[in-house]
Amino acid sequence: MDCREALLKLYHYLDGELDPSEYMDVEQHLHNCKGCFGKAEFERIMKEVVKKRCQKERSPEHLKDRIMELIHQIDINSEKSQSRPADKDSPFNTFNPS
């Protein structure tokens with residue numbers, strides 16, 4: 001396995017998504033290649049930091065409620081716009097009878 005192939009599989013390796021054979025191929029390459037090992041370690045540590053930081057702080061309930069309210073309004077507006085005929089004077093109307 002060359003560096004290009006190892007780096008293409010790096011995120012799958014770090015996430016444990018490779019089959020055992022591919023996992024061992026990447027592992028062997030990282031063991032033998034200091035450059036790729038350094039990149040893999042950086043990504044592994046970065047994933048750990050992000051995971052730890054994202055678990056500590058929670059979004060306030062009022063923010064979650066407001067976001068859900070806005071999503072609901074968008075859904076309602078989308079349903080309404082799909083059920084009515086298009087405005088013939090709308091600049092978004094692409095129908096050209098000529």
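The values are calculated or read from the model by the stated rules, or taken from the named source; none is laboratory data. Everything numeric here is computed off the predicted structure, so don't read it as measured data. In this analysis, Cβ positions are derived from the backbone assuming ideal geometry, glycine residues included, and neighbour counts consider all displayed protein chains.
Run down SER21, SER83 and say which single residue is among the small types (Gly, Ala, Ser), surrounded by fewer than 10 Cβ atoms within 10 Å (Cβ to Cβ) and at pLDDT 95 or above.
Just one listed residue meets the conditions, SER21.
Out of all the residues in region 33-41, is one or more at negative phi, assigned to a loop (DSSP other than H, G, I, E, B) and touching a residue at least 12 places away in the same chain (Cβ under 8 Å)?
Checked against the condition, which is being at negative phi, assigned to a loop (DSSP other than H, G, I, E, B) and touching a residue at least 12 places away in the same chain (Cβ under 8 Å), region 33-41 yields at least one hit.
Could you list, in sequence order, all residues of region 27-41 that are of a type in the set (A, V, I, L, M, F, W, C) and within 11 Å of LEU14 (Cβ to Cβ)?
Residues of region 27-41 that are of a type in the set (A, V, I, L, M, F, W, C), as a first pass: 30, 33, 36-37, 40.
Residues satisfying the conditions are LEU30, ALA40.
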